[in-house]
Amino acid sequence: MELILDSLESLIYVYEEIFWLKECFAILKSLIVFLLVWWIMRLRYRMELILYLGTIVGVACIFFGDIGYWSDNDVLKLIAPASLFLLTYNKKQNNDAILFIFLVPYFLTSYEFYRSSHYVVMSLVSHALIISGIVIIKQNTYLSLFISAVIGIIINYIGANYPPGTNDILVNPALITLAVKGIEQYTKNNKYTDFLKSFWATLLCFAYFGSWVFHYIKPNCPLYGH
C-alpha cells in the first residue's frame, strides 16, 4: 500500500512539474465534463443528473485545489465550456433552470466563505463592484468584452499568485452569473444573457490560453509572483 501511495505521489509530482502535460490533462478533464453535460441534456432525468454533476465538480474542485493538485485556472476550464453551452441551450426554454441547477451546487460546494470574515467582506465588495459595472455596461458590446477580459486577467493573476480558491472568493464566475441571471429575471432584460454569453466565451479563452501566457511571462515580469 505504501509503495502504491509513493508511486502516486511521484506521478503527481511529474504531472505538476511538466506544464504542457498538466495543461493537456486539464483540457481532457474539461472535455469530459462538457461531454457529460452534453449527454445529460439529452436524457429524461437531466435536471437531477446535472445537479449531481455540479455538486461533484464543486466538491472535487475544492478537494483537489486544497491539496495543490488543481490550480484555479484548471477549475475554470472545468466549468467554462459547460456554462457557455447551457447559456446557449434553448430546448423547451429551460436553459436558465438547467444553468442554475448546474452552477448553484457547484458554487455552494466550492466557495470557501468560511475562510475568514475578512475574505467574506472583500468578496461582497468585489462582487458588488463587478455586478454594478455589468449593469452599467451591458448595452455596449465592446465594454462588455473589455470587462470580461479584465475579469479573466484578474482570475489568472490571482490564481497564479495566491492560495487556491482565492480568486473564487474575490472574482467568482459562477456567483457573477447567478447574480446577473437573477437581475435579468427581475428586470426582464435579455441583454444580460447576451453579456453572459460573451462573458463566458471570453473566460473560456482565458481559461485555456491564460495559463500559457502567465506561465511564459512569469520569468520576464518582475511584478509577477510578488
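Residue count for the range 117-139, restricted to those that are of a type in the set (S, T, N, Q) and under 19 Å from the mean Cα position of the chain (by Cα): 2.
Here's a check for you: in the range 187-226, which residue that is assigned to a helix (DSSP H, G or I) and farther than 27 Å from residue 58 by Cα is modelled with the highest pLDDT? Result: 187.
Suppose the filter is more than 18 Å from residue 181 (Cβ to Cβ), part of a helix (DSSP H, G or I), hydroxyl-bearing (Ser, Thr, Tyr) and modelled with pLDDT of 85 or more; does residue 126 pass it? Here the answer is yes, as residue 126 does meet what is asked. Of all residues in the range 182-200, how many are among the β-branched types (Val, Ile, Thr) and closer than 17 Å to residue 103 by Cβ? Number of matching residues: 2.
Given the structure, is residue 143 over 15 Å from residue 75 (Cβ atoms), surrounded by fewer than 21 Cβ atoms within 10 Å (Cβ to Cβ), free of Cβ contacts under 8 Å to residues at least 24 places away in the same chain and not polar (S, T, N, Q)? The answer is yes for residue 143.
Here the range 119-138 is the region considered, the condition is being over 16 Å from residue 167 (Cα atoms) and not β-branched (Val, Ile, Thr), and the residue that is surrounded by the fewest Cβ atoms within 10 Å (Cβ to Cβ) is 132. Screening the range 1-93 for helices (runs of 4 or more DSSP H) wholly inside it with 3 or more residues that are over 19 Å from the mean Cα position of the chain (by Cα) and at pLDDT 70 or above returns the ranges 19-40, 46-66. When each of 179, 160 is tested for being part of a helix (DSSP H, G or I), small (Gly, Ala, Ser) and over 18 Å from residue 101 (Cβ atoms), the lone residue that passes is 160. Checking the stated criteria, residue 172 turns out not to satisfy the condition of being crowded, with 21+ Cβ neighbours inside 10 Å, under 20 Å from residue 104 (Cα atoms), touching a helix residue (DSSP H, G or I) at 6+ places or on another chain (Cβ under 9 Å) and at pLDDT below 85.
The single condition among (1) surrounded by 16 or more Cβ atoms within 10 Å (Cβ to Cβ); (2) modelled with pLDDT under 85 that residue 148 does not satisfy is (2).
The values are calculated or read from the model by the stated rules, or taken from the named source; none is laboratory data. Predicted, not measured: the structure shown is a model, and the values here were computed from it. Cβ sites come from the backbone with ideal geometry, for glycine too, and all protein chains shown count toward neighbours.
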